[in-house]
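Engineer: Before I ask anything, let me first share the structure, which is written out below as structure tokens.
The values are calculated or read from the model by the stated rules, or taken from the named source; none is laboratory data. Note that the coordinates shown come from a computational prediction; the quantities given were computed from them, not determined experimentally. Methodologically, a virtual Cβ is constructed for each residue, glycine included, from the backbone with ideal geometry; neighbour enumeration extends over all protein chains shown.
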Amino acid sequence: MSFPLVQYRDTLNERSLIARFNAGRADRGIKYAAQRSYALQIIQGSERLRKCSPESIHNCMLDVAFTGLTLSPSQQLLYLIPYKTTAIGYRGLEQLAYRTGVVKLIQAALVHEGDPTFRVGVNEDGARFVVHEEARKDRGKVSHAYCVATFTTGGRHVEVMDLEQLEAVEAAASKKNKAGGAVWRGPFRGEMQKKAVIRRAWKHWPADTEGKLEHAQTVIDRVEPVVFEGEAVRIIGDRQVNTLVDLCSKHDVDTDTVARAFGVVSLELLPEKCYAEAVRMITPV
């Protein structure tokens with residue numbers, strides 16, 4: 001079932017949504033009118049997106065405000081993905097990192113089986129480095145992804161993931177929800193692989209005294225949770241689930257809508273660290 005474009009337009013013109021967007025903007029340079037225009041343009045050009053409920057697009061606009069990233073197709077920072085509905089591009093991750101002031105330069109790349117040179121080594125100071133030469137054609141399948149981050153205080157961090165590790169992240173996304181797996185299998189696969197290695201690298205970057213890097217990580221985890229092999233995510237308990245269900249009933253909010261806003265298929269799988277934000281989302285200001 002597809003929804004007519006007018007329903008999305010009506011949803012995006014709701015005063016309550018505009019007010020919440022403006023109140024929650026992480027970047028005051030992000031203007032609602034422009035983001036609404038981008039959203040309608042993207043929806044109009046995608047039959048699959050028009051099968052997503054207008055309410056899910058409503059939540060997407062709140063993600064735009066929360067991240068401070070634009071939906072502008074030319075910038076490729078934030079995407080509308082059918083059934084997901086928001087995905088941060090790897091360039092969006094880079095933008096969030098640069099805003100913290102901790103990272104000066106991020107270089108993320110994919111290595112293919114046909115590339116003539118790919119080597120990871122350690123220099124005399126004990127720091128890792130990458131030597132990578134790309135083939136001009138016939139590069140073959142992806143074998144690795146890597147990220148090199150240069151910090152404003154000096155020094156670098158190198159993170160490398162092989163194909164097995166990348167596929168483990170893909171499997172986790174597919175297990176969490178069908179939409180997450182579909183994105184990995186679609187035209188965004190290469191971008192998802194770069195995102196995976198940036199997010200894994202992020203966990204090893206030096207913390208700043210103002211906590212900007214940690215806050216940016218919280219923003220990313222809220223919009224697009226991911227679990228790496230060997231990591232555990234604590235989910236909320238029965239009492240917290242019941243509280244959220246009661247709040248949804250009291251304020252006439254769909255529980256599935258809340259779950260999808262945090263990237264899970266049901267409230268029972270909501271990460272513990274997202275509980276307070278979920279309460280704020282349900283409860284009107």
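Engineer: What number of residues within the range 2-23 are part of a helix (DSSP H, G or I) and of a type in the set (Phe, Trp, Tyr)?
Structural biologist: The total comes to 2.
Engineer: Hey, can you tell me all the residues within the range 45-57 that are buried (at least 18 other Cβ atoms within 10 Å of the Cβ), over 15 Å from Val223 (Cβ atoms) and not hydrophobic (A, V, I, L, M, F, W, C)?
Structural biologist: Arg50, Ser53, Pro54
Engineer: Out of the residues in the range 254-285 that are basic (Lys, Arg) and within 18 Å of the chain's Cα centre (by Cα), which is modelled with the highest pLDDT?
Structural biologist: Out of the qualifying residues, it is Lys273.
Engineer: For the range 104-123, check the following and say yes or no: at least one residue is modelled with pLDDT of 90 or more, within 18 Å of Lys203 (Cβ to Cβ) and surrounded by 18 or more Cβ atoms within 10 Å (Cβ to Cβ).
Structural biologist: Yes, that holds for at least one residue.
Engineer: Ok, one more. Criterion first (within 24 Å of Ser46 (Cα to Cα) and either in contact with a Gly (Cβ under 9 Å, 6 or more places away or on another chain) or without any contact (Cβ under 8 Å) to a residue 12 or more places away in the chain (or both)) does Thr67 satisfy it?
Structural biologist: It is true that Thr67 is within 24 Å of Ser46 (Cα to Cα) and either in contact with a Gly (Cβ under 9 Å, 6 or more places away or on another chain) or without any contact (Cβ under 8 Å) to a residue 12 or more places away in the chain (or both).
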